[in-house]
Amino acid sequence: MIIRDTVLKKDVDTDKEGLIQFIIDGRQVDMEFEEVQSDDIGYMHWDTEYWSALDDNKFICTFSLNGKHSQEYVHYNMGDMAYYFNPDKAKVVHIS
């Protein structure tokens, strides 16, 4: 998939694993969705996810809805990324 790198101002051809490596290397991956997303119980709603790394195996995802950032966040480990990190479902993905 072609992803826009907003820091280097160029397009990058990468896959899901490549995006995870960008996050581990200290970059942030932002994913904007066409429709509002929700958690399993309907507590949180968002249209944008912001993924960062705490270390090589721990990740944090923060959220926003209609441009307003939520105070909620979720921690994930590398094993969780296969299920919860879904750039293929996003309409726009940026590396920042």
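With the requirement that a residue be touching a His at 6+ places or on another chain (Cβ under 8 Å) and either of a type outside the set (D, E, K, R) or modelled with pLDDT under 95 (or both), what does the stretch 5-30 give you? Let's see the steps before the verdict.
Taking the stretch 5-30 as the starting set, the residues that turn out to be touching a His at 6+ places or on another chain (Cβ under 8 Å) are 5-6, 29-30.
Once the filter is applied, which keeps residues that are touching a His at 6+ places or on another chain (Cβ under 8 Å) and either of a type outside the set (D, E, K, R) or modelled with pLDDT under 95 (or both), the stretch 5-30 yields Thr6, Val29.
Selection of the stretch 16-38 for residues being in contact with an Asp or Glu (Cβ under 9 Å, 6 or more places away or on another chain) and free of Cβ contacts under 8 Å to residues at least 24 places away in the same chain yields Glu35, Gln37. Total residues in the stretch 3-26 satisfying the condition of being within 18 Å of Tyr76 (Cβ to Cβ) and touching a strand residue (DSSP E or B) at 6+ places or on another chain (Cβ under 9 Å): the figure is 8.
The set of residues in the stretch 40-79 that are part of a loop (DSSP other than H, G, I, E, B), in contact with a strand residue (DSSP E or B) (Cβ under 8 Å, 6 or more places away or on another chain) and under 24 Å from Gly18 (Cβ atoms) comprises Leu54, Asn57.
Have a look at Ser96, Ser52 and point out the one that is touching a residue at least 24 places away in the same chain (Cβ under 8 Å), surrounded by 14 or more Cβ atoms within 10 Å (Cβ to Cβ) and hydroxyl-bearing (Ser, Thr, Tyr).
Details: Ser96 fails: surrounded by 14 or more Cβ atoms within 10 Å (Cβ to Cβ).
When all the criteria are applied, what remains is Ser52.
The values are calculated or read from the model by the stated rules, or taken from the named source; none is laboratory data. From a predicted model like this one, the values you see are computed outputs, not experimental measurements. We place every Cβ from the backbone using ideal geometry, glycine too, and count neighbours over all the protein chains shown.
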